[in-house]
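Asks: Sending over a structure as structure tokens; questions will come in a sec.
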Amino acid sequence: MRNGDAGHSEGAVATLSRGVQTAPELTHGAGVTIGLSLVGAAGRIVVPVLIQQAIDGGITDDGVDVERVAMLCVIGLVVAYL
């Protein structure tokens, strides 16, 4: 903090703007970082949805639809390893 600014807190956007102005190199990897975080978030959403689909559609009164459950497992593996 600067002298005279004691107790003043900046917002997140103001802090990031000041950081980019101070060190423009920060923007070079920002796109990759944001992309990877979106992929990670998608993985955290997809896996529970696939599990729910496997339970709801793969397990019936007639038994287990092994083909459907196996396909959902493969989709989950692909998403998890991206």
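Asks: Identify all residues within the stretch 61-82 that are more than 13 Å from residue 47 (Cα to Cα), outside any helix (DSSP H, G or I) and open to solvent by 70 Å² or more (accessible area, probe 1.4 Å); write none if there are none.
Replies: Answer for the stretch 61-82, where residues must be more than 13 Å from residue 47 (Cα to Cα), outside any helix (DSSP H, G or I) and open to solvent by 70 Å² or more (accessible area, probe 1.4 Å): 61, 62, 64.
Asks: Looking at (1) part of a helix (DSSP H, G or I); (2) at pLDDT below 85, find the lone condition where residue 7 falls short.
Replies: Of everything listed in (1) part of a helix (DSSP H, G or I); (2) at pLDDT below 85, residue 7 misses just condition (1).
Asks: Ok, one more. Could you check the stretch 25-57 and list, in sequence order, the residues that are over 14 Å from the mean Cα position of the chain (by Cα) and open to solvent by 70 Å² or more (accessible area, probe 1.4 Å)?
Replies: Matches in the stretch 25-57: 25, 26, 27, 28, 49, 51, 52, 53, 55, 56.
The values are calculated or read from the model by the stated rules, or taken from the named source; none is laboratory data. What you are looking at is a predicted structure, and each value in this text was computed from that prediction instead of being measured. Quick note on the areas: whole protein, heavy atoms, side chains included, nothing else; ligands and nucleic acids left out. Shrake-Rupley method; radii C 1.70, N 1.55, O 1.52, S 1.80 Å.
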